[in-house]
1. What share of all Cα pairs of the range 107-208, in percent, falls into each consecutive 10 Å distance bin?
2. Please compute the contact order of the chain in relative form: average sequence separation of alpha-carbon pairs under 8 Å and at least six residues apart, divided by the residue count, as a percent.
3. How far is helix 44-55 tilted off the main Cα axis of the chain, in degrees rounded to 10, range 0 to 90?
4. Hey, what number do you get for the chain at 222 nm if only DSSP H runs of n ≥ 4 count, each worth -39500 (n - 2.57), divided across all residues, to the nearest 500?
5. I want to verify a result. In a Gaussian network model of the chain, Cα cutoff 10 Å, which of these has the top mean-square fluctuation: 63, 209, 155?
6. Rounded to the nearest 10 degrees, what's the angle between the helix 70-79 long axis and the longest principal axis of the chain, both from Cα atoms, 0 to 90?
7. Over all directions, how big on average is the projection of the convex hull of the alpha-carbon atoms in the range 194-247, in square nanometres?
8. Using the alpha-carbon atoms, what tilt in degrees (0 to 90, nearest 10) does helix 2-21 show relative to the longest principal axis of the chain?
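Nothing in this text is a laboratory measurement; each read-out follows from the coordinates by a stated rule. Note that the coordinates shown come from a computational prediction; the quantities given were computed from them, not determined experimentally.
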């Protein structure tokens, strides 16, 4: 009986480790949360996830995280078991599409325009007077549509660097404004030697929390293990150091 119980324990441990290690992980270029610098993935969510691997005694490393355009990573994660996408805003529309580990931190999704445009937005009806840049399947596009912005007023793209492409399109007057996460937008502007203060938030779409989103068929034991690892990390000074590092 002892041998049988020992075998069951070892087999269960093997399956658990296999499930932890066989997660396929996808992210996008969205600094300061996830980005590629000096040929290395970095950022708040990346560094925290790598520390989670260590907490879980996983064989996964930073090199196992694959950088993709958001729309492609989103599609794969909704279809493929044992896959994960980050950094993902947890919303009502997405709630049943994924299993969630988080929150990592809070986020504000807004519509940004050049200050020189003098655009004033007081309601969704006002937004329908303009052309708005967005990213396909990103929370910005989804919120615009759910709040009543007409699809023909949204210019949604899929690329690995959506912020700067949309900024350049605004500066060339091909679009009037851009819907995205404010911290990401400000970080990208500064990193490209543009002044974030030359742009303004004209409308706040939603404040939400950011998560690691797993395919909905991922085993609950894997979700629990990742959640517990994140909770332990957030209780340490490491978490605050990472947040401060990328400010």
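1. 16, 56, 26, 1
2. 30
3. 0
4. -12000 deg cm²/dmol
5. 63
6. Between the helix axis and the principal axis of the chain, the angle is about 40 degrees.
7. Averaged projected area of the range 194-247's Cα convex hull equals 6.3 nm².
8. It is inclined by approximately 20 degrees.
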